[in-house]
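Structure first, then comments.
The values are calculated or read from the model by the stated rules, or taken from the named source; none is laboratory data. Model, not experiment: these values are computed from the prediction. Every residue, glycine as well, gets a Cβ built from its backbone with ideal geometry; the counts of neighbours run over all protein chains shown. Side chains are part of the model used for accessible areas, which takes the heavy atoms of the whole protein and leaves out ligands, DNA and RNA. Shrake-Rupley method; radii C 1.70, N 1.55, O 1.52, S 1.80 Å.
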Amino acid sequence: MGHARDTGQPLAVPDAARIAANLRGLLGDHRLSPSQRRIARYLLEHAQEAVFFTSADIAERVGVSQPSVTRFAAALGFRGFPEFRDALRSSVFGGPQRALPAADLNEIQELVGSEIRDLERLRDGLQDLTQLRAVAGQLARSRPLLVMGLRISASLAHLFGYLAQKVLPDVRVLDTAGSTLEDRLSRAAEAGAEWVLAIGLPRYPRELADGLVWARSAGLKIALITDQPVGRLIELADEVLLAPVSSDFAFDSHAGPTVLCTALLHTMLDTLGTEGQAQLEAFDDSATERQIFLPY
């Protein structure tokens, strides 16, 4: 177990906001595996103590293997964990990074700023996690788990299904309307499914409402991710999770619903506990052995 060591020199009192900004700069835009993202989250939440830990200490606290921590450092471009830890210490005890003045923002940056404000609304709405945790628990226990998204919502449904398949044994993405959708809903209900996660973003397809009506007739419960608190889809759902959709760009931006889906997956993983983490570790190790992804 690692412990804080006396360096013999006084340390500056860290500022939480500055630390968070510096660490996000350190992590950058690197593509991280699920296990590596867990490590990154831990470092963001425990930066001031983590600077004194070994790779084994971090692995124990995050619940991953020590090689996973080493691969995390390599993924960020460091030659090893000690070099990464030095950079981490600089991020915690170094100087602040400069923020771009609002006056310097161009038209596109202003649109991105509007998107950021929508994400802040989503963040503030998630202060109470009671509903999110309850929905996550129900979805994580559904065997199989159904994820429904038609037209514009299909891509987000596929993203959710792709990630959920890493920790759940049977996830079925439904993206085709009509009698085929009805058949798949009925067969899933017969196989033991209890819940369907439906994603309904503007413009809302009539076929999605028809599918939800059929799902209810098949005995399935519905959790809905959408952007409006009223409407036909809301009336058909048992649980509703709201995320803003930005319409400031020429085409709608789905950053808010995407973040909410990711938060829901994150909470489902917490619900699964060690079982879910073991599944993620197994996938990560298998992908490394088979060289599925290009090296960083």
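Listed values, structure above:
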{"item": "Selection count where residues are at pLDDT 95 or above, open to solvent by 30 Å² or more (accessible area, probe 1.4 Å) and under 16 Å from residue 188 (Cα atoms), scope the range 144-169", "result": "0"}
{"item": "Residue in the range 15-32 that is open to solvent by less than 20 Å² (accessible area, probe 1.4 Å), modelled with pLDDT under 85 and assigned to a loop (DSSP other than H, G, I, E, B) present", "result": "no"}
{"item": "Residue within the range 176-189 that is within 21 Å of the chain's Cα centre (by Cα), crowded, with 21+ Cβ neighbours inside 10 Å and within 23 Å of residue 271 (Cα to Cα) present", "result": "no"}
{"item": "Inter-residue pairs, beta-carbon under 8 Å, first closer than 24 Å to residue 253 by Cβ and in the range 114-142, second among the hydroxyl-bearing types (Ser, Thr, Tyr), 6+ apart", "result": "114/246; 115/246; 115/253; 118/246; 132/267"}
{"item": "Checking residue 230 against (1) among the β-branched types (Val, Ile, Thr); (2) surrounded by fewer than 17 Cβ atoms within 10 Å (Cβ to Cβ); (3) touching a residue at least 24 places away in the same chain (Cβ under 8 Å), the condition it does not meet", "result": "(3)"}
{"item": "Which numbered condition residue 118 misses (of (1) open to solvent by 60 Å² or more (accessible area, probe 1.4 Å); (2) in contact with a Pro (Cβ under 8 Å, 6 or more places away or on another chain))", "result": "(1)"}
{"item": "Test: residue in the range 148-161 that is over 21 Å from residue 208 (Cα atoms) and either touching a residue at least 40 places away in the same chain (Cβ under 8 Å) or aromatic (Phe, Trp, Tyr) (or both)", "result": "no"}
{"item": "Unique match (being open to solvent by 10 Å² or more (accessible area, probe 1.4 Å), within 23 Å of the chain's Cα centre (by Cα) and either touching a residue at least 12 places away in the same chain (Cβ under 8 Å) or more than 25 Å from residue 280 (Cα to Cα) (or both)) among 74, 87", "result": "74"}
{"item": "Top-ranked residue in the range 283-296 [being assigned to a helix (DSSP H, G or I) and of a type outside the set (A, V, I, L, M); ranked as nearest to residue 143 (Cα to Cα)]", "result": "283"}
{"item": "For residue 230: the one exception among (1) at pLDDT below 95; (2) under 24 Å from the mean Cα position of the chain (by Cα)", "result": "(2)"}
{"item": "Residue 74 vs. criteria in a helix (DSSP H, G or I), modelled with pLDDT of 90 or more and out of contact with any Cys (no Cβ under 8 Å at 6 or more places or on another chain)", "result": "no"}
{"item": "Tabulated pairs, the range 202-223, first surrounded by fewer than 19 Cβ atoms within 10 Å (Cβ to Cβ), second of a type in the set (S, T, N, Q), C-beta under 6 angstrom, 6+ apart or interchain", "result": "218/186"}
{"item": "Residue count, the range 38-62 (criterion: open to solvent by 40 Å² or more (accessible area, probe 1.4 Å) and closer than 17 Å to residue 283 by Cα)", "result": "1"}
{"item": "Considering residues of the range 240-295 that are more than 15 Å from residue 34 (Cα to Cα) and hydroxyl-bearing (Ser, Thr, Tyr) only, the residue surrounded by the fewest Cβ atoms within 10 Å (Cβ to Cβ)", "result": "247"}
